[in-house]
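K.L.:
Mind having a look at this structure? Questions to follow.
The values are calculated or read from the model by the stated rules, or taken from the named source; none is laboratory data. Note that this is a predicted model, so its numbers are computed, not measured. Using ideal geometry, Cβ is built from the backbone for each residue, glycine included, and neighbour counts are taken over all protein chains shown. Ligands, DNA and RNA are stripped out before the accessible areas are found, and what is left, the full protein with its side chains, is counted by its heavy atoms. Shrake-Rupley method; radii C 1.70, N 1.55, O 1.52, S 1.80 Å.
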Amino acid sequence: MRFAHSVRTIYAKELVDILRDRRTLIAMVLVPIVLYPLLMLGSVQALSYTVRELRSERFIIGVLNERDKASIEALIRADGVSLANREAELDPDLEDFAELPRPLNDDVKVVAYASIEALTGKIQDRAVQVGVVFPDGLLVPSPGVRNPIELHADYGEVRSANAARRIDAMIARVAEATVRNRLKAEGLPESFVTPYDVVTVDLSTESSVLGEILPLILVLMTITGAIYPAIDLTAGERERGTLESLMVCPVPVLDLIVGKFLVVTTVAIMGATLNLTSVTATVYFGGFSEMISSEGGSIPIGRMLLILVCLVPFAIFMSAIMMAVCSFARTFKEAQNYVTPVIIAVLIPGGIAALPTSELAGTMLVMPVGNMVLLSRELLLGAHIPFSSLVFVLASTTIYAAAAVAVAVKVFGQESVVFADSGSLKMMLSRRLIKPSRCVPMSMALTIVAVLFPVWFYTQTALAPGEGESAAGSIYGTAMFMPIFFALVPIALLAYGRINLTCGFALRRPPIRYVVAAVLIGISAWVPAFELNALQQPLFGGIAVDAQSKMIGEALIEIGPWMAFLAIAIVPAVCEELFFRGLLLGSLCGATGKWTAIIVSACVFGVFHFFLAKFLVTAVLGVVLAYLCVRSRSILPGMIAHVLNNGLGVLFILYPGAATMIGISDDETLAHLPLHVLVIGGGLFAAGLLATSVRRVSVDGTATDTMPAHANAR
Amino acid sequence: MDAADSNDMVVAEELVKDFPRPDGRETRAVDHLSFRVPKGTIYGLLGPNGAGKTTTLRILSGLMAPTGGVARLAGFDVATEPREVKRILGFLTANTGLYQRLSARELLVYFARLHQMDRPAAEARVDQLIDWLGIASFADLRCGALSTGQKQRVNIGRALVADPPILIMDEPTLGLDVLSNRVILDFIKRERDEGKTIILSTHYLDEAEDMCDMIGLMHSGRLVAEGDLESLRQLSGEHRLSRIFLKLVHADEPAGASAS
């Protein structure tokens, strides 16, 4: 295999090359092994020092007169005595010895001020941390007498707030002791005033805090690992003048980019592994585990391996992004300028995902970077992850990575980027200089798919009806946005890229027999779809699907037959055929084999329905529609089949009589279709497929999957 | 097809290359250039700076797409069959970089492997080239540590690693000392004697006089004169190539100024 040979050769060479680079070694080995432990030790020590400092800091209590001064000093003394007594009761070898609060005796100084204004001013100037005022004076506490105490503090300032908190806690302790003594005097048990005794049990696993932090560190490490090799292997090659000699080798750009991309991924994973090992070792051997994990336990090796597994798809994704970005640059410096905004753009979703309140659900499922951060966090915490969530994260990441690699392939070989003297990047994107073409480049198609995927997901999530709401709004919204995203935007982009729209969207007049085939498939496809759905029922339980179709059914009755037909049958058929069969399939056909293109486009079509239980059925229909398009070289038969298929669905919902007419009983628990429907429907479907696949010898049957040569290039 | 029938290994017909300029207009670097190079000859492409020599050679090697016209190497169209062209072509420029962190030997083996050779074949071929080009003494040093002349020898080895029947060399002796110069020029001649077809662009006119079987004089993207040294002498009435060069290029000046 030429491809495998070239990629292996390039991979081996680039890996040796990059590993011999002192800068790589510094970034990859020296930084994690020396710098991270030092930084970590330093910052952790500084942090614990500050905390200790804050806990034992001396502070000044301001009072208004000598009587109040005596009162607060009496309280502090009483607290000191009771704390000393409790300390004497405790076994000093026990760990909760350290848990006892620190008495205030040595830490405070009480100063009297003339007026409340003077005291407030001193607190605001931060000369005094807290003011204590006894409006009624402090009487000897006796039952039936309230003793109001005011605490004045600047709660926005950490030292003042801390001082107020300590005094508050101290008063509470004295009060508690007083109550205890009163109960003892009355011969009552303590439960007299505490009818409930709440005990909290912490179930968080030992590495929960670690789990919150690590994924974000992980993201940073992986990006850091990918940056340098990505720049070196693309812009660096150009800057050193070696690109020209590489480009005259009989190796396609795809092989070059794939080989280099794999090296970047490898280095990113190696770097992140070293970082992770180093952090783990620092935490483990440095004795800082209690700072990071709540129970002070060790970090199990299994968890670390799990993180590494999460790392692989993420490293692939980040490497692809970095390669794509750096491919635009001609020099190292230029590449670094491009990389900086990308890192910031990546950190935002990463940071959002790292928030403790973020969950791996809803829009977060397809948010680039964010979904990976959340997935690794959930894995790390040992949480149960629904299979569909896993699929969403991996599918969206794969789509984004594929688009990024395609862009890199497209840009890397560009004349204007290879030779510094033949035009700038701006010129490459300038419409006037784009050569008119007939086929949509794969990089363009995949980029549109990658951008549209989250956009459409967000749109669908936003449009989804709330609990108890009618789905009519969602249906109208979808019918309105679908033409914009799936038809108008792609048409505008293709027009800008000077791509012939007739060819780009395969808008040709199909031979009549494909129209016949499309009608046959359109009126019968629901039969195999129904059976397929019944077959996969045990996998998904079918409840979600049933609930959804019931809701849609009610909404369709609400909006009436014409609108229902327009919104459910016509609009999706036209838009989805334009996008998935016209643009995506056509562009994939130009770059890969016919069947790869059909399968990939059908899977993307399935994934875009955002409903795991529907994936198989939509993907299979996608294969049939794609096959129809490839054979007829037009999307029109597919549109006809699509309209009929969706239209029949609407018909069955709005007029249940139609279903009874062909012999389907109105039984909700129907598991399989009646035999005669199966035979007739299956027969029609098979006839449609047969009519599509039969090769006519006279018509240029050899070129069915390529663009016609006679099409006008302008 | 005519190229395959005839003896011409390189055929350029009406080649045009326009570069876009930031102001929206275009610069014509190559202007309806046509020439043929028969098998087993050294064709010298000569001309002042900016004449379009480098652009022409890049089009011939498939690195750049021509705006118009056709170029064929051994019958393969450079625009539509770039991979076939690259397979039969060795391309060399004066300022080509080498991978600094690979040794000369590793670099040569890498490029041999990129030409789909298996490892034993690649290593055998590289050993041969190391011997021929006098690389042995520095074959295992990293390329970053080599001198200009040593680098250029390695570069020639890279261009020749797949033993291509056609060689395109853009100023191969730029900035070299006399000794390296000699090694390289002798080597090019030897390749010619073995039946290779070579296109050479150079600034050194005495070098062209010594090396080239055919000479094409370029100016402003066009060929102003073509032929062997003898016919050029007759055309211009001058003996020395440098005089011929000045005279012919000068004669073209008014016409050249109008081409844009």
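K.L.:
Any residue in segment B:40-56 that is assigned to a strand (DSSP E or B), open to solvent by less than 60 Å² (accessible area, probe 1.4 Å), modelled with pLDDT of 90 or more and over 22 Å from B:HIS203 (Cα atoms)?
P.N.:
No: zero hits.
K.L.:
Might you check whether a residue that is modelled with pLDDT of 70 or more, part of a helix (DSSP H, G or I), open to solvent by less than 50 Å² (accessible area, probe 1.4 Å) and of a type outside the set (D, E, K, R) occurs anywhere in segment A:427-438? I'd like the intermediate steps shown before the answer.
P.N.:
Looking only at segment A:427-438, we keep the residues that are modelled with pLDDT of 70 or more, and these are A:436-438.
Subset that is part of a helix (DSSP H, G or I): none.
Scanning segment A:427-438, I find no residue that is modelled with pLDDT of 70 or more, part of a helix (DSSP H, G or I), open to solvent by less than 50 Å² (accessible area, probe 1.4 Å) and of a type outside the set (D, E, K, R), so the answer is no.
K.L.:
Identify all residues within segment B:107-129 that are within 13 Å of B:VAL161 (Cβ to Cβ), open to solvent by 10 Å² or more (accessible area, probe 1.4 Å) and more than 7 Å from chain A (Cβ to nearest Cβ); write none if there are none.
P.N.:
B:VAL109, B:MET117, B:ALA121, B:GLU123, B:ALA124, B:ARG125, B:ASP127, B:GLN128
K.L.:
Still on this model: Residues that are at pLDDT below 90, assigned to a loop (DSSP other than H, G, I, E, B) and open to solvent by less than 80 Å² (accessible area, probe 1.4 Å): does segment A:641-659 have at least one?
P.N.:
Within segment A:641-659, none of the residues are at pLDDT below 90, assigned to a loop (DSSP other than H, G, I, E, B) and open to solvent by less than 80 Å² (accessible area, probe 1.4 Å).
K.L.:
Output yes when any residue across segment B:43-60 is in contact (Cβ under 8 Å) with a residue 24 or more places away in the chain and among the aromatic types (Phe, Trp, Tyr), and no when none is.
P.N.:
Yes.
K.L.:
Which is open to solvent by 10 Å² or more (accessible area, probe 1.4 Å) and at pLDDT 85 or above, of A:THR266, A:THR282? Write out each step before concluding.
P.N.:
Values: A:THR282 fails: at pLDDT 85 or above.
The match here is A:THR266.
K.L.:
When you go through A:PRO313, A:PRO368 one by one, which is the residue that is within 21 Å of A:MET221 (Cβ to Cβ) and assigned to a helix (DSSP H, G or I)? Write out each step before concluding.
P.N.:
Details: A:PRO368 fails: assigned to a helix (DSSP H, G or I).
Residue meeting the stated conditions: A:PRO313.
K.L.:
Provide a single number: the residues in segment A:317-349 that are closer than 26 Å to A:THR363 by Cβ, in contact (Cβ under 8 Å) with a residue 40 or more places away in the chain and surrounded by fewer than 23 Cβ atoms within 10 Å (Cβ to Cβ).
P.N.:
Result for segment A:317-349: 3.
K.L.:
May I ask you to list the residues in segment A:230-250 that are touching a residue at least 40 places away in the same chain (Cβ under 8 Å), open to solvent by less than 10 Å² (accessible area, probe 1.4 Å) and either facing chain B (nearest Cβ under 8 Å) or under 25 Å from the mean Cα position of the chain (by Cα) (or both)?
P.N.:
From segment A:230-250, those touching a residue at least 40 places away in the same chain (Cβ under 8 Å) are A:230-236, A:238-239, A:243-244, A:247; that's our starting set.
Filter once more, keeping what is open to solvent by less than 10 Å² (accessible area, probe 1.4 Å): A:230-236, A:243.
Scanning segment A:230-250 gives a single hit, A:ALA230.
K.L.:
Is it the case that some residue within segment A:328-336 is in contact with a helix residue (DSSP H, G or I) (Cβ under 6 Å, 6 or more places away or on another chain), modelled with pLDDT under 80, among the charged types (D, E, K, R) and assigned by TED's automatic domain parsing to the domain that holds A:LEU306?
P.N.:
Yes, because at least one residue in segment A:328-336 is in contact with a helix residue (DSSP H, G or I) (Cβ under 6 Å, 6 or more places away or on another chain), modelled with pLDDT under 80, among the charged types (D, E, K, R) and assigned by TED's automatic domain parsing to the domain that holds A:LEU306.
K.L.:
Taking the stated definitions as given, is A:ALA569 assigned by TED's automatic domain parsing to the domain that holds A:PHE457 and surrounded by fewer than 22 Cβ atoms within 10 Å (Cβ to Cβ)?
P.N.:
Values: assigned by TED's automatic domain parsing to the domain that holds A:PHE457: yes; surrounded by fewer than 22 Cβ atoms within 10 Å (Cβ to Cβ): yes.
Answer is yes for this residue.
K.L.:
If you go through segment B:4-56, how many residues are within 14 Å of chain A (Cβ to nearest Cβ), over 24 Å from B:VAL249 (Cα atoms) and hydroxyl-bearing (Ser, Thr, Tyr)?
P.N.:
Number satisfying all stated conditions: 0.
K.L.:
Go through (1) surrounded by fewer than 18 Cβ atoms within 10 Å (Cβ to Cβ); (2) within 13 Å of chain A (Cβ to nearest Cβ) and name the single condition B:LEU167 misses.
P.N.:
Of the numbered conditions (1) surrounded by fewer than 18 Cβ atoms within 10 Å (Cβ to Cβ); (2) within 13 Å of chain A (Cβ to nearest Cβ), the odd one out for B:LEU167 is (1).
K.L.:
For residues that are in a loop (DSSP other than H, G, I, E, B) and more than 23 Å from the chain's Cα centre (by Cα), scanning just segment A:204-229, find the one that is modelled with the highest pLDDT. Give the derivation first.
P.N.:
Just the residues of segment A:204-229 that are in a loop (DSSP other than H, G, I, E, B), to begin with: A:204-207.
Those still in the list that are more than 23 Å from the chain's Cα centre (by Cα) too: A:204-206.
Working: A:SER204: 55, A:THR205: 51, A:GLU206: 47.
Here the answer is A:SER204.
K.L.:
Sticking with this one: Looking only at residues that are touching a residue at least 60 places away in the same chain (Cβ under 8 Å) and open to solvent by 50 Å² or more (accessible area, probe 1.4 Å) in segment B:65-106, which one is farthest from the other protein chains (Cβ to nearest Cβ)?
P.N.:
Per the criteria, the residue is B:ARG72.
K.L.:
Further, regarding this structure: Has segment A:459-466 got any residue that is buried (at least 17 other Cβ atoms within 10 Å of the Cβ), among the β-branched types (Val, Ile, Thr) and either without any contact (Cβ under 8 Å) to a residue 40 or more places away in the chain or part of a helix (DSSP H, G or I) (or both)? Steps first, please.
P.N.:
Looking only at segment A:459-466, we keep the residues that are buried (at least 17 other Cβ atoms within 10 Å of the Cβ), and these are A:459-460.
After this cut, where a residue has to be among the β-branched types (Val, Ile, Thr) as well, the list is A:459.
Narrowing further to those that are either without any contact (Cβ under 8 Å) to a residue 40 or more places away in the chain or part of a helix (DSSP H, G or I) (or both): A:459.
There is at least one residue in segment A:459-466 that is buried (at least 17 other Cβ atoms within 10 Å of the Cβ), among the β-branched types (Val, Ile, Thr) and either without any contact (Cβ under 8 Å) to a residue 40 or more places away in the chain or part of a helix (DSSP H, G or I) (or both).
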